[in-house]
Every structure is written in C-alpha cells, then in structure tokens.
Amino acid sequence: MKTALITGITGQDGAYLAEFLLKKGYMVHGVKRRSSLFNTDRIDHLYHDPHEQGVKFKLHYGDLTDSTNLIRIIQEVRPDEIYNLAAQSHVKVSFDTPEYTANADGIGVLRILEAVRLLGLTKATRVYQASTSELYGLVQAVPQSESTPFYPRSPYAAAKMYGYWITVNYREAYGMYACNGILFNHESPVRGETFVTRKITRGAAKIALGLQNYLYMGNLSAQRDWGHAKDYVEAMWLMLQQDIAEDFVIATGVTTTVRDFIRLSFAELGIELEFSGRDEFEKGVIIDLDHDRLHELGLNENALRFGQTVVKVDPKYYRPTEVDLLIGDAGKAKEKLGWVPKYDLQALVIEMVIADLQLIKKDEYLKKGGFTILNYFE
Ligand code: NDP
Ligand code: GDR
C-alpha cells in the first residue's frame with residue numbers, strides 16, 4: 001500500500017485528490033490548518049473515526065509557513081508521494097497579502113523540499129508541486145506550453161514562480177523526483193465561492209430563484225482555459241508515476257471569456273442574456289426566457305422579466321495587473337501521460353449550475369420550514 005501526504009487537503013483539489021487516491025488503495029495523510037471553526041466540509045465524507053480499525057485517512061495539523069511541523073509530519077508519515085497543494089490561492093487577495101502569499105506559496109515549497117532532503121528521503125519520496133498557468137501572465141505566445149516564457153503578473157504568480165524553480169532546482173541538484181504540474185484553471189461544484197466561475201454559478205442560481213438582484217463582476221473580457229478539477233487531479237497522480245520526473249502543462253486547449261461563462265451559466269437555467277455597454281458601464285440584460293427549462297428546474301418565471309438587468313460591473317473587482325488570455329497546450333501530457341480530460345466546458349457549467357441551484361433551494365426550503373440559524377449575538 002502506497003502512502004501519500006497531501007497539503008491543502010481541505011481545498012478543492014485536495015478533496016478530489018484524496019478521494020482519487022483512496023480509491024486507488026492509498027493510505028492518505030492530509031495537512032490541515034487549525035481554524036476557529038471546522039474547515040473540513042469538502043472532506044468530511046472521507047473521514048472515519050481514527051479509533052476504528054483499518055482507517056486509511058488521517059489528518060495532521062500543520063501550516064506551510066512553519067518548517068517544524070512539516071518536518072515532524074513528513075518524518076512520521078514517510079510518504080511515498082507528497083502533493084503540495086497548500087497555498088494562498090486567490091490572485092486578487094495576493095495583492096492585499098503579498099508577504100504572506102510569498103511565504104506560503106514560495107518559501108512553503110522550499111520547506112517541503114528541504115524537509116524531504118534533511119530527512120534523507122530524497123530517493124524515497126516523490127514530490128508534486130502545484131504550479132500554475134498564472135506563471136505565463138502577460139501574454140508572450142499562445143497556446144502556452146512547457147516552453148513558453150513566464151511573466152508573472154501578481155504577488156501570487158511571483159511566489160509560485162519561486163516554487164516552480166526551487167522544485168526544478170531540487171530535482172537537478174539532488175536527483176529528487178520532484179515535478180511541477182502547470183495547471184490551467186480548473187473548477188467544480190466545490191470551487192471556492194470567490195473564484196469567478198463559482199461566483200457566477202451561485203449568483204445565477206440566486207437570481208433565477210429571485211433571491212438576488214444583480215451579479216457584480218470585474219473584468220468580463222478576461223479569457224481562461226477552464227477544466228474540471230476531477231480530471232486535473234488524475235494528471236497530478238500520473239505525473240508522479242513516470243520513470244523520470246518532468247514538468248507538464250494540464251489544460252483543455254479551449255479558452256472562454258468571463259462574459260461567455262456568465263452567458264452559458266444563465267442559459268443553463270433557461271435565461272438568455274445579452275451584454276451591452278463598455279468597461280464599467282457594461283451590463284447583462286435578460287432578452288429571453290425558456291419556459292420549459294424554467295419549469296423543468298422548478299423555477300418561478302414571475303421572478304424574472306424581459307429587459308431586467310442582472311449583471312453589472314464593479315471596478316473594485318479589477319486587478320492592478322491582469323492576466324488577459326490563457327489557453328494551454330497539453331500535448332506533452334497527452335503524449336507522455338496518456339492524459340485526456342473527460343469534461344468539456346458545457347458539462348462543467350451544467351454540473352456547477354445545477355449543484356448551486358440545489359444548494360440554494362435546500363437553504364431556502366430549510367428557512368421556510370423554520371430551520372433558521374440561531375443568532376447568538378442579538
Ligand atoms: P483552494 O484555495 O481551494 O485550497 C487551498 C488549500 O491550501 C486549502 O486547503 C487551504 O486551507 C490550504 N492552505 C492555504 N494556506 C495554507 C498554509 N499557509 N498552510 C497550510 N495550508 C494552507 O485551492 P485549489 O484546491 O483550487 O488549488 C490547489 C493548489 O493548486 C493551490 O496551490 C493553487 O495555487 C494551485 N492551482 C490551482 C488552480 C485552480 O484552478 N484551482 C490552477 C493552478 C494551480 P484552508 O481550507 O484552511 O483555507
Ligand atoms: P484566477 O481565477 O485569477 O485565474 O486564478 P479567478 O476565478 O479568481 O479569476 C479568473 C478571471 O476572472 C476575472 N474576474 C473575476 N474574478 C473574480 N475572482 N471575481 C470577479 O468578480 C471577477 N470578475 C472578473 C479575473 O479578473 C480573472 O481574469 C485561479 C486560481 O485558482 C489560482 O490559484 C490558479 O493558479 C489560477 O486560477 C490558474
């Protein structure tokens with residue numbers, strides 16, 4: 001039985017990867033941060049009482065900014081594979097917390113690699129580093145591949161750039177099996193609520209249910225290559241199963257504007273939008289309703305009307321420096337890893353929109369049934 005250690009196990013990718021590795025028969029250890037409230041929603045379904053026999057899933061408290069705990073955990077677990085997914089992963093937030101982001105996302109990678117080396121596990125433990133398409137930043141060439149030059153455009157990307165190169169350096173200097181997955185954006189129904197796709201699918205569901213008036217957005221013209229997290233965690237695992245450690249781009253090869261992602265999400269709910277105006281004056285307006293689809297989803301069409309504005313721009317969501325266009329070439333991963341994504345954009349949008357609609361309907365149902373959250377502060 002192989003043993004894996006996942007940092008960032010409470011995040012979107014950590015949860016999908018843990019599930020994937022458990023299905024493969026791995027013993028899975030995860031590093032989670034201490035928080036004042038439980039932060040394990042995404043992995044609760046994998047958890048078993050540690051007092052039970054044969055438990056294959058174990059959590060450890062730790063933080064990427066603290067070498068001592070990383071050394072202790074790695075020493076105790078002696079993993080065959082480490083997946084370093086932990087990071088302050090929000091690009092916009094990295095402009096507000098640049099030093100912390102550099103510490104966790106940059107130096108944090110060094111802490112993991114150095115722990116492996118100091119513990120004499122250089123030949124025993126393989127390391128996956130969660131690198132990112134944000135490294136490409138300012139567009140140099142498209143589609144972006146392993147040989148496209150980097151030009152980071154945020155404190156997040158600059159920190160990840162250090163993480164990328166220190167991983168390459170430990171591979172070359174110490175012969176470690178360490179590799180970078182340069183993953184393009186990947187999403188799912190458990191994507192963090194402040195990333196653009198999830199913000200859109202949640203907002204669209206609330207508007208369709210008449211619970212929210214507007215979706216306030218930033219740059220609608222940014223283009224991203226969006227895939228599904230489920231497909232992408234498989235690629236992480238494949239990267240650690242090769243004879244030689246190498247870096248790989250993982251992407252779908254299709255790019256879409258934020259504006260079109262909004263259009264697709266509303267369309268899935270039976271609401272057709274048209275955009276007009278420019279920059280901060282651009283807005284999205286309802287121009288048609290598909291009554292059959294609304295009925296099918298149990299939506300009340302009276303909550304919506306032709307000509308209603310539902311999307312507005314708020315410049316507070318703009319970034320000081322933006323990454324305008326990402327489109328990845330995953331040719332190397334297809335050829336060497338045999339990796340092929342199962343989801344396309346349409347399938348991703350459907351899954352996310354329907355999941356959010358169900359979640360919000362459930363909350364409303366509970367509220368109507370009198371199950372309101374007690375407010376201890378009143
Ligand atoms: P999430 O934001 O969903 O998860 C990040 C995880 O890191 C959470 O478990 C979080 O814990 C944890 N974490 C944050 N800071 C620390 C810290 N200082 N010490 C320990 N743990 C910490 O990100 P994703 O799952 O989407 O992404 C996984 C990784 O892949 C990240 O490194 C991200 O930068 C990178 N990446 C993501 C892409 C994407 O499109 N999703 C694309 C390319 C790269 P908590 O739950 O407590 O906040
Ligand atoms: P990104 O993801 O920055 O690409 O980083 P995000 O979903 O935050 O933004 C994508 C694009 O949408 C534009 N945008 C908005 N973004 C957010 N969050 N909120 C808005 O209201 C909004 N309006 C427009 C952004 O400007 C941007 O162009 C993600 C993270 O998962 C990183 O950790 C990862 O490394 C990269 O993907 C690949």
**Item:** Candidate set: region 253-273, residues that are of a type in the set (Ser, Thr, Tyr) and crowded, with 18+ Cβ neighbours inside 10 Å; chosen: the one nearest to Asp292 (Cα to Cα)
**Value:** Ser265
**Prompt:** Considering region 183-197 alone, what residues qualify as being part of a loop (DSSP other than H, G, I, E, B) and more than 10 Å from the chain's Cα centre (by Cα)?
**Reply:** Pro189, Glu193, Thr194
**Prompt:** Does Ser36 fit the bill of being in a loop (DSSP other than H, G, I, E, B), within 13 Å of ligand 1 (Cβ to nearest atom) and surrounded by 13 or more Cβ atoms within 10 Å (Cβ to Cβ)?
**Reply:** no
**Request:** State which residue is farthest from ligand 2 (Cβ to nearest atom) when the search covers only region 198-229 and only residues that are touching a strand residue (DSSP E or B) at 6+ places or on another chain (Cβ under 8 Å) and in a loop (DSSP other than H, G, I, E, B).
**Result:** Asn213
**Request:** Would you confirm whether any residue within region 299-317 is within 16 Å of ligand 2 (Cβ to nearest atom) and more than 25 Å from Val91 (Cβ to Cβ)?
**Result:** yes
**Asked** Going by the conditions given, is Ile6 under 25 Å from Met239 (Cβ atoms), crowded, with 22+ Cβ neighbours inside 10 Å, more than 22 Å from the chain's Cα centre (by Cα) and touching a residue at least 40 places away in the same chain (Cβ under 8 Å)?
**Response** no
**Fill in**
Considering region 126-152, residues that are of a type outside the set (A, V, I, L, M, F, W, C) and outside any loop (DSSP other than H, G, I, E, B), and then whichever is surrounded by the most Cβ atoms within 10 Å (Cβ to Cβ), we arrive at Gln129
**Message:** Step by step: first the residues of region 114-167, then only those that are among the β-branched types (Val, Ile, Thr) and in contact with a strand residue (DSSP E or B) (Cβ under 7 Å, 6 or more places away or on another chain), then the one that is farthest from Asn103 (Cα to Cα). Which residue is that?
**Reply:** Val142
**Message:** Suppose we keep only residues that are among the acidic types (Asp, Glu) and assigned to a loop (DSSP other than H, G, I, E, B) within region 230-246. Which one would you say is nearest to ligand 1 (Cβ to nearest atom)?
**Reply:** Glu246
**Request:** Could you tell me whether Arg259 is farther than 30 Å from Phe150 by Cβ and of a type in the set (Lys, Arg)?
**Result:** no
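Since every read-out is calculated from the coordinates, none of them should be taken as a lab result. Here the structure is a predicted model, which means the values were calculated and not measured. Neighbour counts are summed over all protein chains in view; Cβ atoms, including those assigned to glycine, are modelled from backbone coordinates with ideal geometry.
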